[in-house]
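To keep things clear, I will list the structure first and then write my remarks on it.
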Amino acid sequence: MRTRYNAGITALGGYVPDHILTNHALEEMVDTNSEWIVSRTGIRERHIAKDKNIATSDLAVIAVERLLANSGLDKDAVECVIVATSTPDYIMVSTASVVCEKAGLTNAWGVDSNAACSGFLYALTLGASLIESGRYTNVIVIGADKNSAIINYEDRNTCILFGDGAGAVLLERTTEDSGLIDNVFRTDGSGKEQLIVQAGGSKNPSSVETVTNKLNYISQNGRVVFKAAIEGMTQTCKEVFKRNDLVADDINWLVPHQANLRIIQSVGDILDIPIERVKINIDRYGNTTAATIPLCLWDYKNDFKEGDKLILTAFGAGFSWGASYLVWGKLREQ
């Protein structure tokens, strides 16, 4: 009989740049005020990579280095690196390949996953599937984005929301009843225009015209995204509950994508999970896109105990959304 393998998170790493962009600093840049930003989004500050020479891969590499230092895992034991990002270093070269080179992961192959804010969850299940197949033992999954590279700091609707950062997890083979248990994911391409960078891809290549018209920056219909995010995240969480015979009281921690505090609170309320069991760090980081969930796991890793049941949920451009059910196992970290 074939052994059944699960993929458990056994180590974590995270990184945000040192420079902090506060709400009060934004007041000097655009027509906004800190009180309004906090009341509408819950964000007080975000970390920005001010050095233009710093790329998404650089953020990811630091997160990986911290993961490796915490885990004691030899670099040669890493077999695959999956990077979830919507701000790749290059269009043609995968950010994962750059991360492997910079981090010295010479025995690993790398690939990118682009599902915007849902990217980390999608990449997590891809990495878990490699391990569950029995072919791989150690896979690093990274969520990383340098959003400041695609933000128009004259647009008060978007510049208040986003920050830069990276989070990484080590998925390791286990025969224990822990790790990634189930996922429910959805996509709806008809929502693409509501949250998008219009130019820079094959449909609308960058040109003098696209740069002049600021089409290389994020644009968003906030009201539409807000409503769709609440509906999508709660619906997929409920489906995960049903498929796994779970009720709200079974869930130790809800770890949602950090896009807007009001979205987070609404999802928790609808699922009947009290705010004390919802992990939140949006006030300090803003929306770091694919990095929000791994940064939350990194920030709060000491709160998670073996056997804890976690629900991870996200919504992003695409539209893309979903929920994952994770049973926390034993970390390598001391």
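Key figures
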{"quantity": "Qualifying residues in the stretch 263-301 (those that are on the phi < 0 side of the Ramachandran plot and of a type in the set (Ser, Thr, Tyr)) - the one nearest to the chain's Cα centre (by Cα)", "calculated": "292"}
{"quantity": "Residue in the stretch 36-69 that is most open to solvent (accessible area, probe 1.4 Å), counting only those that are small (Gly, Ala, Ser), farther than 18 Å from residue 141 by Cβ and under 20 Å from the mean Cα position of the chain (by Cα)", "calculated": "55"}
{"quantity": "Single match in 245, 269 (criterion: open to solvent by 30 Å² or more (accessible area, probe 1.4 Å), under 30 Å from residue 6 (Cβ atoms) and free of Cβ contacts under 8 Å to residues at least 40 places away in the same chain)", "calculated": "245"}
{"quantity": "Condition met for residue 72 (open to solvent by less than 40 Å² (accessible area, probe 1.4 Å) and on the phi > 0 side of the Ramachandran plot)", "calculated": "no"}
{"quantity": "Residue match in the stretch 277-285 (condition: touching a Lys or Arg at 6+ places or on another chain (Cβ under 9 Å), within 24 Å of residue 21 (Cα to Cα), surrounded by fewer than 21 Cβ atoms within 10 Å (Cβ to Cβ) and not β-branched (Val, Ile, Thr))", "calculated": "yes"}
{"quantity": "Matching residues, the stretch 136-151, being open to solvent by 40 Å² or more (accessible area, probe 1.4 Å) and part of a helix (DSSP H, G or I)", "calculated": "149"}
{"quantity": "Qualifying positions in the stretch 24-60 - small (Gly, Ala, Ser), more than 20 Å from residue 146 (Cβ to Cβ) and touching a Lys or Arg at 6+ places or on another chain (Cβ under 8 Å)", "calculated": "34, 42"}
{"quantity": "So residue 250, is it modelled with pLDDT of 95 or more, closer than 15 Å to residue 180 by Cα and of a type outside the set (Lys, Arg)", "calculated": "no"}
{"quantity": "Condition check for residue 11: in a strand (DSSP E or B) and under 18 Å from the mean Cα position of the chain (by Cα)", "calculated": "yes"}
{"quantity": "Count - residues of the stretch 109-135 that are among the hydroxyl-bearing types (Ser, Thr, Tyr), part of a strand (DSSP E or B) and surrounded by fewer than 24 Cβ atoms within 10 Å (Cβ to Cβ)", "calculated": "0"}
{"quantity": "Residue within the stretch 152-165 that is open to solvent by less than 40 Å² (accessible area, probe 1.4 Å), over 19 Å from residue 315 (Cβ atoms), touching a Pro at 6+ places or on another chain (Cβ under 6 Å) and not in a helix (DSSP H, G or I) present", "calculated": "yes"}
{"quantity": "Some residue of the stretch 86-108 being touching a Ser or Thr at 6+ places or on another chain (Cβ under 6 Å), open to solvent by 10 Å² or more (accessible area, probe 1.4 Å) and of a type in the set (A, V, I, L, M)", "calculated": "yes"}
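Quick grid of which residues meet (1) under 30 Å from residue 24 (Cα atoms); (2) within 19 Å of the chain's Cα centre (by Cα); (3) not polar (S, T, N, Q):
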{"site": "141", "(1), (2), (3)": "no, yes, yes"}
{"site": "148", "(1), (2), (3)": "yes, yes, no"}
{"site": "159", "(1), (2), (3)": "yes, yes, yes"}
{"site": "162", "(1), (2), (3)": "yes, yes, yes"}
{"site": "168", "(1), (2), (3)": "no, yes, yes"}
{"site": "173", "(1), (2), (3)": "no, no, yes"}
{"site": "182", "(1), (2), (3)": "no, yes, yes"}
{"site": "193", "(1), (2), (3)": "no, no, yes"}
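The values are calculated or read from the model by the stated rules, or taken from the named source; none is laboratory data. Computed from a predicted model, the values in this text were never measured in an experiment. Counting neighbours? That spans all protein chains shown, and the Cβs are built from the backbone with ideal geometry, glycine included. With ligands, DNA and RNA removed, areas are computed over all heavy atoms of the protein, side chains included. Shrake-Rupley method; radii C 1.70, N 1.55, O 1.52, S 1.80 Å.
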